[in-house]
Amino acid sequence: MTPAPETGRAQEPWDAYEAAADGLPEYWYPVPPSRQLGRRFRSVRLLGRDVVPIRDGGRIHALDDRCPHRHVKLSMGRHACENGFDEAHGKMPHRTSWWLVFKRMSGWNVTEIIRGADRVWLTRHQHEVHDDDDYPGLGRWPRFNLFQRRRAKTAQGSNEHAVSIRLPGTLRVRRPGRADWTHYELYVPLEPGRYRYMVLAVAWVSGFRRLTWRLRYWAYILWVHHIGFNNQDLTVVSHMKGSHPAPAFRPDVSVAAWRDMVANEARAPGTPRAQSSRAQSSRAQSSRQAAE
């Protein structure tokens, strides 16, 4: 009986056997039949790990079912508020959304995070917007989509389609061109791990345009955007706990900028304005109690 190299305790005769409870990683094991594997990611559990076997160029490959960017499962395709400001998330999970079937989605951008003149909003500013590109050894991405229109100015991700964020947790997405409306998301924390998610579709219209705007919203914006499109975000956010921006991943500059804004600019509880807000809240509560 010899001591184990790390623990120093005596090594039992069957320790190595017990350690192989998840299997022997240097051997072959069967996975789903080859005919079931295509280019779509499909997760399988093997040797205590989630892996994604895929077919590419006629060959079978296996990947860890974990995006190195934000640690979300690859088989899903991608913290609440920051997810909407993350430039990469729109290029990945939302590509399969019905909302984007007939819209142009940029493949990659040259991006700068800027502050508005009011110093309130943090905005993704695109210096360049590219539809697609060739990647050596991987091919062209995104792949050609017959239905997606190529319009020079209103691509999802261009400056006209501006995405902004502000404290304490409000996201704003402008819908340019003929759409001419603005999408807002408000995140209201209830307790650690739970929040209330509110979405608004806002158009500044009157008269007959007000009626057509209401028809548009109830006919397709509610179902395709606020339910179908946004539910993709809600699905992946629950799997992003503990993930952090990756310095080597350029689009994460947007997430890092938002986190810096929260860390360095959010009003602390002891600031005069915060104290004034608490005092007003206390007076309002006292008034309600007196009225009762």
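Data overview
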{"item": "Of the criteria (1) loosely packed, with under 15 Cβ neighbours inside 10 Å; (2) touching a strand residue (DSSP E or B) at 6+ places or on another chain (Cβ under 8 Å), which one S206 fails", "result": "(2)"}
{"item": "From V101, V44, residue being at pLDDT 80 or above and farther than 25 Å from P247 by Cβ", "result": "V44"}
{"item": "Which listed residue is modelled with pLDDT of 70 or more and surrounded by 15 or more Cβ atoms within 10 Å (Cβ to Cβ), from W258, W223", "result": "W258"}
{"item": "Contacts under 6 angstrom Cβ, first residue in the stretch 215-229 being assigned by TED's automatic domain parsing to the domain that holds L200, partner of a type in the set (S, T, N, Q), 6 or more apart", "result": "F229/S97"}
{"item": "Entirely in the stretch 161-213, the strands (runs of 3 or more DSSP E) that have 2 or more residues that are among the polar types (S, T, N, Q)", "result": "none"}
{"item": "Counted residues, the stretch 49-61 - those being touching a Gly at 6+ places or on another chain (Cβ under 7 Å) and in a loop (DSSP other than H, G, I, E, B)", "result": "0"}
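The values are calculated or read from the model by the stated rules, or taken from the named source; none is laboratory data. Only a predicted model underlies this, so the values are computations on that prediction, with no experimental measurement involved. Quick reminder, even Gly has a Cβ in these numbers, built from the backbone with ideal geometry, and neighbours come from all protein chains shown.
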